[in-house]
1. Determine, yes or no, whether Lys104 is charged (D, E, K, R) and surrounded by 21 or more Cβ atoms within 10 Å (Cβ to Cβ).
2. So which helices (runs of 4 or more DSSP H) stay within region 110-226 end to end and still have 1 or more residues that are within 16 Å of the ligand (Cβ to nearest atom) and at pLDDT 95 or above?
3. Out of all the residues in region 87-97, which are open to solvent by 10 Å² or more (accessible area, probe 1.4 Å) and in contact with a His (Cβ under 9 Å, 6 or more places away or on another chain)?
4. Confirm whether Val34 is open to solvent by less than 50 Å² (accessible area, probe 1.4 Å), within 17 Å of Ile209 (Cβ to Cβ), within 16 Å of the ligand (Cβ to nearest atom) and at pLDDT 95 or above.
5. If I ask for residues that are of a type in the set (Ser, Thr, Tyr) and without any contact (Cβ under 8 Å) to a residue 40 or more places away in the chain, which ones from region 86-136 would you list?
6. With respect to His77, is the statement that it is at negative phi and touching a Cys at 6+ places or on another chain (Cβ under 7 Å) true?
7. I need every pair where a residue in region 44-64 that is without any contact (Cβ under 8 Å) to a residue 24 or more places away in the chain has its Cβ under 7 Å from the Cβ of a residue that is open to solvent by less than 10 Å² (accessible area, probe 1.4 Å) and away from the ligand (no atom under 16 Å from the Cβ), sequence separation at least 6 or different chains.
Amino acid sequence: MNNIAARLASVSARLVQAQARFGRTPDAVQLIAVSKTQPASAVRAAFAAGQTRFGESYVQEALAKMAELHDCALEWHFIGPIQSNKTKDIATHFAWVHSVDRAKIAQRLNEQRPDVLPPLNVCLQVNVSGEATKFGTCATELEVLATAVRALPRLCLRGLMAIPAPEEDFRRQRAVFHSLRALFENLNGKGFALDTLSMGMSDDLEAAIAEGATLVRVGSALFGERGGSGEEELLA
Ligand SMILES: *Cc1c(COP(=O)(O)O)cnc(C)c1O
């Protein structure tokens with residue numbers, strides 16, 4: 001078993017254990033392998049080990065990898081900040097976008113989603129850490145944004161996403177994820193049929209699963225630290 005396959009097995013075991021520990025049904029949580037900054041060869045190794053969903057944050061980098069991996073049946077999720085001039089590539093090449101945080105971007109994605117493809121799955125990114133991050137809609141503007149996105153026929157509003165500020169304490173990790181879940185339940189109480197909570201990364205996925213995550217986005221625990229050496233080593 002190569003290193004990526006071993007890491008994938010260990011992350012999958014963490015998901016299984018957390019689902020059991022926190023009373024989630026088996027397979028309630030799906031893994032998105034965050035392959036940003038990783039070479040196509042690393043994605044191929046993870047795919048060979050059974051992983052099909054991949055997350056990317058940079059459009060140009062993602063398109064190059066998709067071209068190299070066109071022979072693999074992969075599901076691509078865009079999880080990075082969205083610039084207006086990149087919406088066409090995102091609408092054309094991805095199955096999901098997790099980082100929609102303003103109506104103007106949603107409208108562009110809707111206009112540019114090709115008719116031959118199914119509607120683009122969308123999560124709204126919410127800023128749950130206050131001043132700590134500049135991305136994401138604030139909670140008070142969420143319902144207005146959700147209402148606007150729901151009206152767009154080429155988008156399918158699936159749920160909410162957050163990237164909390166790093167936090168080591170498990171209970172405090174949970175508290176932030178709990179606040180995203182409360183927003184999710186509030187919208188569903190108002191008739192939105194959301195089914196997706198995209199929350200949890202390498203260092204806090206257990207807390208996210210405890211609070212109802214359905215998609216966790218995991219990079220470094222699968223592929224090693226980004227920007228460090230060791231990509232060759234991972235594929236050895
Ligand atoms: C990089 C990234 C991740 C993965 O983070 P790790 O800590 O490496 O697991 C998840 N979500 C988003 C939006 C990211 O940009």
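1. Values: charged (D, E, K, R): yes; surrounded by 21 or more Cβ atoms within 10 Å (Cβ to Cβ): no.
Criteria not met by Lys104.
2. Values: elements: 142-150, 170-189, 205-210, 220-223.
Of the helices (runs of 4 or more DSSP H) lying wholly inside region 110-226, those with at least 1 residues that are within 16 Å of the ligand (Cβ to nearest atom) and at pLDDT 95 or above span 170-189, 205-210, 220-223.
3. Initial filter on region 87-97 (open to solvent by 10 Å² or more (accessible area, probe 1.4 Å)): 88-89, 92-93, 95-96.
Ala95, Trp96, listed by residue number.
4. On the way: open to solvent by less than 50 Å² (accessible area, probe 1.4 Å): yes; within 17 Å of Ile209 (Cβ to Cβ): yes; within 16 Å of the ligand (Cβ to nearest atom): yes; at pLDDT 95 or above: yes.
When the stated conditions are applied, Val34 passes them.
5. Just the residues of region 86-136 that are of a type in the set (Ser, Thr, Tyr), to begin with: 87, 92, 99, 129, 133.
Of everything in region 86-136, those that are of a type in the set (Ser, Thr, Tyr) and without any contact (Cβ under 8 Å) to a residue 40 or more places away in the chain turn out to be Thr87, Thr92, Thr133.
6. Values: at negative phi: yes; touching a Cys at 6+ places or on another chain (Cβ under 7 Å): no.
Judged against the criteria, His77 is not a match.
7. Pairs found: none.
Residue-wise test of (1) out of contact with any Lys or Arg (no Cβ under 6 Å at 6 or more places or on another chain); (2) among the small types (Gly, Ala, Ser).
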{"residue": "Trp96", "(1), (2)": "yes, no"}
{"residue": "Ser99", "(1), (2)": "yes, yes"}
{"residue": "Lys104", "(1), (2)": "yes, no"}
{"residue": "Leu109", "(1), (2)": "yes, no"}
{"residue": "Leu120", "(1), (2)": "no, no"}
{"residue": "Thr137", "(1), (2)": "yes, no"}
{"residue": "Ala146", "(1), (2)": "yes, yes"}
{"residue": "Arg150", "(1), (2)": "yes, no"}
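The values are calculated or read from the model by the stated rules, or taken from the named source; none is laboratory data. Keep in mind it's a predicted model, so treat the numbers as computed, not measured. Ideal geometry is used to build each Cβ from the backbone, glycine not excepted, and the neighbour counts take in all protein chains shown. The protein model used for the area step is the full one, side chains on, heavy atoms only, and it has no ligands, DNA or RNA in it. Shrake-Rupley method; radii C 1.70, N 1.55, O 1.52, S 1.80 Å.
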